[in-house]
Amino acid sequence: MPRNDAPLREHLARALSWESAHVGLEGAVKGLPARLRRRRPKGFTHSPWELLEHIRLAQRDLLDFCRDPNYTEGDWPDAYWPKTPAPPFPRAWKQSLEALAADREAFQAFVKTTPDLFAGIPGHKGKTILRSVLLAIDHTSYHVGQLLMARKLLKASR
């Protein structure tokens with residue numbers, strides 16, 4: 001019997017860029033001065049650049065995990081965090097945001113079209129597409145909160 005999971009799929013796709021209950025990623029970084037993107041606030045582990053790039057790398061990894069049958073996990077933490085607290089070149093910030101948005105759109109399209117959200121991911125016992133989507137939503141939300149706190153500590157108004 002066919003199951004009507006279209007509302008769930010729509011909800012998950014929207015939640016990947018959620019801005020209903022809190023500020024979304026783009027809002028969290030909007031207008032952040034370039035000179036502050038490389039700074040680690042006092043008592044804070046990561047710079048805004050490190051957080052942004054980590055979100056991008058992790059989201060891409062989860063997307064690949066869901067749709068690439070030849071997926072190979074990267075080395076932790078090297079494959080999931082940038083090497084330095086500063087963007088490596090002037091356009092890196094913008095390129096990271098653009099790549100993150102493109103991957104998010106691909107993830108949203110995948111969520112809407114994959115045959116079974118509850119399907120297990122081959123070779124990864126107990127891990128499903130739905131779990132990976134929820135993890136991407138939760139992970140991004142957590143680090144957007146850190147970005148907002150970094151802004152506050154750097155005294156960068158929003």
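The values are calculated or read from the model by the stated rules, or taken from the named source; none is laboratory data. Quantities reported herein were computed from a predicted structural model and do not represent experimental measurements. Neighbour counts are summed over all protein chains in view; Cβ atoms, including those assigned to glycine, are modelled from backbone coordinates with ideal geometry. Keep in mind that these areas ignore ligands, DNA and RNA; they rest on the heavy atoms of the full protein, side chains included. Shrake-Rupley method; radii C 1.70, N 1.55, O 1.52, S 1.80 Å.
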Whole-number accessible area per residue in Å² for the range 16-158, which is evaluated in the context of all protein chains at 1.4 Å: 57 Å²
Cα centroid separation, the range 36-57 to the range 85-158 (Å): 15 Å
Under the Karplus curve 6.51 cos²θ - 1.76 cosθ + 1.60, θ = phi - 60°, whole-Hz ³J(HN,Hα) for the range 37-42, x wherever Gly or Pro sits: 5, 9, 8, 8, x, 3
Per-residue HN-Hα couplings for the range 55-69 [Karplus 6.51, -1.76, 1.60; θ = phi - 60°; Hz; x = Gly/Pro]: 4, 4, 5, 5, 4, 4, 4, 5, 5, 4, 4, 6, 10, 9, x
DSSP-assigned coil residues among GluC sites (Glu not before Pro) in the range 1-86, each with at most 11 further Cβ atoms within 10 Å: E73
Loop chymotrypsin sites (Phe, Trp or Tyr not before Pro), the range 85-158 (other Cβ atoms within 10 Å of the site Cβ: 11 or fewer; DSSP): F118
Dipole in debye (nearest 20) - the chain, about Cα centre, beta carbon charges: Lys, Arg +1; Asp, Glu -1: 900 debye
For K152, solvent-accessible area (1.4 Å; no DNA, RNA or ligand), Å²: 150 Å²
Long-range lysine pairs (8 or more apart or interchain), the chain, Cα under 23 Å: 11
17 Å reach of a label modelled at Y80, 7 Å along Cα-to-Cβ, counting backbone N of the range 6-46: 45-46
Among H124, Y142, L63 - extreme Cα towards positive end, dipole of the chain, charges at beta-carbon: Y142
The chain - percent relative contact order, Cα under 8 Å, separation 6 or more: 37 percent
Angle in degrees between helix 6-15 and the longest Cα principal axis of the chain, rounded to the nearest 10: 10 degrees
The chain: angle of helix 129-153 to the longest principal axis, Cα-based, in degrees nearest 10: 10 degrees
